[in-house]
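Only one structure is covered here, and it is reproduced in the block below.
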Amino acid sequence: MPQFKYFMISMAVLALVMAMTLLLERACSAEEMVPEWALKAQLRERSDFGRPKFEELFKGRDGARYGDEELVAVMDRFLYGDIFRRGTLTDKQRELITLAVLTTNRNLDDLKAHVKASLNIGVTPEEIKEAVYQCAPYIGFTKALEGAYAMNEAFREKKIKLPLASRATVTEKDRYAKGFVTQKSIFPAGLDGMYQSSPENRKHMAEYLASVCFGDFYTRGAIDVKMREILTLCVLSAQGGCESQVKSHVQANLNVGNDEDLMIEAITQCLPFIGFPRTLNALACVAEVVKK
């Protein structure tokens, strides 16, 4: 009996060793299973597209900007060789999204660089300013001001005369009324009853939403409501923990005519700056709302 038990244990160990060996062989041969031409094509395509796109945007900026060229190279190949190459977003849309996300993340050095990159591809100073301003109600004014400071530094370095002309379209007298109208055009369902149904000690929040988010910001010029909604979706997605608001603005995007594919592409553009977990959470919110 002890010999039989020893024999069975030996057989189990042998089977485990053989299984592990097989798995290792498969792992080692995985790359061999991909045709050599396909591997070379992938490398060539990323490099062929990514490097010229980087040069178009940054005009000679290099990996030494971060002090770690290897990680920068991985990032740049992914961002400019993969992300910029897919989908239907224009370069202007990509850069406006990037500006908003970098403002949200408080990546101020990168924000300055992307302000200059945006100018290099024809984004106007007014459009850049509005992308940064649009973040304010969602990340807080002081964080947005940090972004605006970095933006203005980049403008000065590019010899752009400041201050830029204001693109505000409301006054102190009509900001609430115009904000409410704009808010209702984006969220037509149930808005009328939201104020009345709010507890007395929360009614001020409904007023602030209409007057600040929509009156002070959504009514501004230079970029339209559809682009502002995309930027808001990206800003909320970048913060993490805002899934309720992300879902709300997925519906808002649908309401203003931005479809599921556009939202997926916009959130994908955020990926190199916000990471996979927040990106996947935001995409799950899109899928959940669209499915309804």
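The values are calculated or read from the model by the stated rules, or taken from the named source; none is laboratory data. Fair warning: this is a prediction, and the values are worked out from it, not measured in the lab. Positions of Cβ are generated from backbone atoms using ideal geometry, with glycine treated the same way; all protein chains shown enter the neighbour counts.
Quick rundown of the values:
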{"quantity": "Single match in V72, V132 (criterion: free of Cβ contacts under 8 Å to residues at least 12 places away in the same chain and touching a helix residue (DSSP H, G or I) at 6+ places or on another chain (Cβ under 8 Å))", "calculated": "V72"}
{"quantity": "Residues within segment 133-180 that are surrounded by fewer than 16 Cβ atoms within 10 Å (Cβ to Cβ), under 15 Å from S211 (Cβ atoms) and touching a Gly at 6+ places or on another chain (Cβ under 7 Å), tallied", "calculated": "1"}
{"quantity": "Unmet requirement for Y138, which otherwise passes all of (1) modelled with pLDDT under 95; (2) closer than 17 Å to S237 by Cβ; (3) among the aromatic types (F, W, Y)", "calculated": "(1)"}
{"quantity": "D224 surrounded by fewer than 20 Cβ atoms within 10 Å (Cβ to Cβ) and either under 24 Å from the mean Cα position of the chain (by Cα) or under 29 Å from G275 (Cβ atoms) (or both)", "calculated": "yes"}
{"quantity": "Pair list, Cβ < 7 Å and 6+ apart or interchain, from segment 149-177 residues that are touching a residue at least 40 places away in the same chain (Cβ under 8 Å) to residues that are assigned to a loop (DSSP other than H, G, I, E, B) and of a type outside the set (D, E, K, R)", "calculated": "F155/L162; R167/G221; R167/A222; T169/T219; T169/G221; V170/T219"}
{"quantity": "Restricting segment 152-168 to residues that are part of a loop (DSSP other than H, G, I, E, B) and not basic (K, R), the residue that is nearest to D110 (Cα to Cα)", "calculated": "I160"}
{"quantity": "Residues within segment 244-259 that are surrounded by fewer than 16 Cβ atoms within 10 Å (Cβ to Cβ), among the charged types (D, E, K, R) and touching a residue at least 24 places away in the same chain (Cβ under 8 Å), tallied", "calculated": "0"}
{"quantity": "Conditions (1) assigned to a loop (DSSP other than H, G, I, E, B); (2) in contact with a His (Cβ under 9 Å, 6 or more places away or on another chain); (3) not acidic (D, E): number failed by T171", "calculated": "(2)"}
{"quantity": "Helices (runs of 4 or more DSSP H) wholly inside segment 53-151 containing at least 1 residues that are closer than 23 Å to G221 by Cβ", "calculated": "91-105, 108-120, 125-133, 136-139"}
{"quantity": "Some residue of segment 110-124 being under 20 Å from G240 (Cβ atoms), of a type in the set (A, V, I, L, M, F, W, C) and in contact with a helix residue (DSSP H, G or I) (Cβ under 6 Å, 6 or more places away or on another chain)", "calculated": "yes"}
